[in-house]
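Working notes, beginning with the structure itself.
The values are calculated or read from the model by the stated rules, or taken from the named source; none is laboratory data. These figures come from a predicted structure and were not determined experimentally. All Cβ positions, glycine included, derive from the backbone under ideal geometry; neighbour counts span all protein chains shown. Remember, those area values only see protein heavy atoms, side chains included, never the ligands or the DNA or RNA. Shrake-Rupley method; radii C 1.70, N 1.55, O 1.52, S 1.80 Å.
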Amino acid sequence: MFFQPSFNPPRRLPEISSGRVTVTASQNEGNVRSYFRRSECACSSRGTAERGSIRGLMIAFLAIFVGLSGRNLNAAESADQPTIQQIRSARDEGQFTSAAEMLMRFDETAQADLSLEFVLLVHEAKGHFSDDVIDELLTRAVDSLARSELKPESLSQRLLICTFAATHFINQNNFQIASAILTKALAESVSVGTDAPDQRGRQLIQLAMKTAWSELNTGQLKNAETIYGLILDLATKDGWRDAVGADRELAMLGLAWATAMQPDRTDEAVKRLYKFTDTFPTHSDAPRAAAMLIHCLEKLGRKNERDDAVVNFLKRWPAHPLADQVVLQTLNLPSSESQSADSSELAATLQNWIVADGDPREWTTTLVRRALLFAGEKLPPPRFDSLLRRLAAEDQTGQQTSVLLHESVESGRSAIAEQIAATLISGDLAEASGMSREAACRWAGRTGRWSMLSLAAESTDLSVPDDRRTAHVDRLFAEALTQTGQNEKAAKWWAHLVDHRGASDFATLLRCAEAAVARADIAEATRRLDRAVRSLEETDSPDVAPQQQTVRTALVDLLAGELAVRKADFSAARSHYENVVRSPASTPALRGRAQWMIGETHFMQHQFEGAIDDYRKVEGLDPGGPFVAAALVQAGKSFEQLGLTREAGDCYSALLGRFADSSYAVEARHRMASLPNSGTGNVNSRQGSGAKDASPDSSRLRR
């Protein structure tokens, strides 16, 4: 998936929105008091009969403002129903629980708007009711507004009720109910079309912004979208423009964000994100909106627009923290999209950012790896070295290094892969972790770059401890020396692994024994082989597959046969080799090698007829294998020893015709030329060019 910004709103949005919400419950209560106080004065100037009582003035105000007379309020009364006067008396006398119970009973059948009665009761009973009771009373207050007609002159009072109730629910972190109340108040304000009531209009916007942000954070996306949309509708009205003020830009961003976070609204989100970035290009949250726009365009499959948006982002905000994520996710696209052409504007912009504009100190290890892969050839040497040191130091598992080398080869950048691997394998990077170096060594071994490993092994002093050289690095160095024919040096490394590294796995012990059998004295070779045999016996358990165990046994027999040859115990050697030939788990190559060695034992004992018979069996066991050519030249020598020069010539001729490129061809050509009455013309004409050179390991046994 392409870049997807955090589903949290832009960071600046909650700070500004919540910071501006200064309306508290106590302030709304003050508004209630001042509102009623002004009403009392108005009533007093008209000379009402309740002039001597403040509470009477409030009641008179209620009757005048709401347009209700005592008759209207009591119209629904019955013999068992409380009257509005009883409710007010209970409230005035401090019997708040009784007043609340009566008011709610009265509300069940009332046709009049009782919203101010509920609000006044909550205000007067401050500290007496539980939150649950206040919740119920204020919910009824808001619901009661539906019983009165919405008029321009009543908007201020209705906003007072709604903001008072919403403030309570916000303070209780009950944004769901606050959202419903404020959505109703905003919708009424939009529909009335009158100017915003001075302070109450601004309070409404502040509360709405805070609530919308909370809904956005808690995943109530449709609620947030509705509130932000209504705020923007009010911002288009002359009478509300000042009340909305600077919150317009945040509301526009919030609207776009809430839309983008809804999976089925991506197309609409793109339009709103474009509108925000075009309207407020210098806004501090414009980069976040641009990043979300890139994600939405990718989601819609609009790749050309996405590429343009990425280029625009990196050119306008190259140092923004989100630039790292935009670049990383763009580089993670299929190469046909992110690297389609070096001359494309997207590729050029990415490369320029990696080479010059980006700050590598802030990059993740993954981004460092992707940057080396994408722009490695174009990076200045100091920046290349810096990025490689960073990757090698932070890659504590070797995974990043392994992936980088693999992807470099897959994308046709083998030169970069070899440069990175050689640097890590050499140990020249002091900052490199042991696992990063091991990953490079594993890659070199896996891809057959043994010379790279052997060079590093030759320059390494085994007597100097190095924490960055893991046991597996040592094993690969030893294997590289073996593969490149440096058997004497390899023997030291294999011995080091067993004696100092404590390696006890069968594969390492076998390699150590093989090196010792080839180079060490008889006693040392015997000791090493015995250790491999013990390991073979110790691993003879259900955990090891029978087939695998049989193969191991054949390999041990092969080494035991070679050691017996060194001891000149040819009978014992043939017995071991015959075990390999008969083993059902032996590969054709192993059988061919063992059969050739059987022939060699006869040859060394001057039993040439027996040697010829055994050499002839090699091809049947491993047709075209590496020991067929060796068997032909050795059979030719055996025939020479028996004075059968014509048969010897046939062997040499067959070798030159089938294995002209093998290492044995030179010797065969030389020996054939020295045969009595021999000529080379016909032989040369029969030489092929497709044979491969594959010398057997025991070349010391050739004659």
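Key figures
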{"quantity": "Criterion: at pLDDT below 95 and open to solvent by 10 Å² or more (accessible area, probe 1.4 Å) - qualifying residue of Ala341, Ala309, Ala347", "calculated": "Ala341"}
{"quantity": "Failed item in (1) among the polar types (S, T, N, Q); (2) in a helix (DSSP H, G or I); (3) free of Cβ contacts under 8 Å to residues at least 40 places away in the same chain; (4) open to solvent by 20 Å² or more (accessible area, probe 1.4 Å), with Gln325 passing the rest", "calculated": "(3)"}
{"quantity": "Qualifying residue in the range 529-542 (condition: part of a helix (DSSP H, G or I), in contact with a helix residue (DSSP H, G or I) (Cβ under 7 Å, 6 or more places away or on another chain) and open to solvent by 50 Å² or more (accessible area, probe 1.4 Å))", "calculated": "yes"}
{"quantity": "Residues satisfying the stated conditions in the range 576-589, i.e. small (Gly, Ala, Ser) and surrounded by fewer than 23 Cβ atoms within 10 Å (Cβ to Cβ)", "calculated": "Ser583, Ala585, Ala589"}
{"quantity": "Whichever residue in the range 543-575 is charged (D, E, K, R) and part of a helix (DSSP H, G or I) and, among such residues, is modelled with the lowest pLDDT", "calculated": "Arg552"}
{"quantity": "Sole residue being in contact (Cβ under 8 Å) with a residue 60 or more places away in the chain and either in contact with a Pro (Cβ under 6 Å, 6 or more places away or on another chain) or part of a helix (DSSP H, G or I) (or both), chosen from Glu600, Glu578, Glu524, Glu514", "calculated": "Glu600"}
{"quantity": "Candidates Arg147, Arg140 - the one that is under 15 Å from His168 (Cβ atoms), open to solvent by 10 Å² or more (accessible area, probe 1.4 Å) and of a type outside the set (A, V, I, L, M, F, W, C)", "calculated": "Arg140"}
{"quantity": "Some residue of the range 143-163 being out of contact with any strand residue (DSSP E or B) (no Cβ under 7 Å at 6 or more places or on another chain), among the β-branched types (Val, Ile, Thr) and in contact (Cβ under 8 Å) with a residue 60 or more places away in the chain", "calculated": "yes"}
{"quantity": "Unique match (being hydrophobic (A, V, I, L, M, F, W, C), at pLDDT 95 or above and in a helix (DSSP H, G or I)) among Val666, Val633", "calculated": "Val633"}
{"quantity": "Pairs where the first residue, in the range 113-128, is within 18 Å of Ala146 (Cα to Cα) and the second is hydroxyl-bearing (Ser, Thr, Tyr), C-beta under 7 Å, 6+ apart", "calculated": "Asp113/Ser144; Asp113/Ser148; Leu114/Ser144; Ser115/Ser144; Phe118/Ser144"}
{"quantity": "Flag for Ala573 being surrounded by fewer than 13 Cβ atoms within 10 Å (Cβ to Cβ) and over 18 Å from Leu497 (Cβ atoms)", "calculated": "no"}
{"quantity": "Qualifying residues in the range 570-589 (those that are of a type in the set (S, T, N, Q) and under 60 Å from the mean Cα position of the chain (by Cα)) - the one nearest to Tyr652 (Cα to Cα)", "calculated": "Thr587"}
{"quantity": "Subset of the range 405-429 (residues that are closer than 9 Å to Ala440 by Cα, more than 25 Å from the chain's Cα centre (by Cα) and open to solvent by less than 40 Å² (accessible area, probe 1.4 Å))", "calculated": "Ile425"}
{"quantity": "Tally of residues being hydrophobic (A, V, I, L, M, F, W, C), open to solvent by 20 Å² or more (accessible area, probe 1.4 Å) and closer than 15 Å to Ala146 by Cα across the range 160-191", "calculated": "2"}
{"quantity": "Candidates Gly599, Gly592, filtered to the one that is small (Gly, Ala, Ser), open to solvent by less than 40 Å² (accessible area, probe 1.4 Å), under 30 Å from Asp650 (Cα atoms) and over 52 Å from the mean Cα position of the chain (by Cα)", "calculated": "Gly599"}
{"quantity": "Filter result for the condition that a residue is under 39 Å from the mean Cα position of the chain (by Cα) and aliphatic (A, V, I, L, M), over Ala457, Ala513", "calculated": "Ala457"}
{"quantity": "Any hit, the range 611-631, residues being crowded, with 23+ Cβ neighbours inside 10 Å, at negative phi and in contact with a His (Cβ under 8 Å, 6 or more places away or on another chain)", "calculated": "yes"}
{"quantity": "Total residues in the range 205-260, condition closer than 20 Å to Phe175 by Cβ and open to solvent by 40 Å² or more (accessible area, probe 1.4 Å)", "calculated": "9"}
{"quantity": "Matching residues in the range 444-478 - criterion: being open to solvent by less than 30 Å² (accessible area, probe 1.4 Å) and within 24 Å of Glu524 (Cβ to Cβ)", "calculated": "Ser454, Ala457, Asp474, Leu476, Phe477, Ala478"}
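Residue-wise test of (1) modelled with pLDDT of 95 or more; (2) of a type outside the set (Gly, Ala, Ser); (3) farther than 15 Å from Leu387 by Cβ.
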{"position": "Ser414", "(1), (2), (3)": "no, no, yes"}
{"position": "Ser426", "(1), (2), (3)": "no, no, yes"}
{"position": "Leu429", "(1), (2), (3)": "no, yes, no"}
{"position": "Ser436", "(1), (2), (3)": "yes, no, no"}
{"position": "Ala439", "(1), (2), (3)": "yes, no, yes"}
{"position": "Arg442", "(1), (2), (3)": "yes, yes, yes"}
{"position": "Gly445", "(1), (2), (3)": "yes, no, yes"}
{"position": "Met452", "(1), (2), (3)": "yes, yes, yes"}
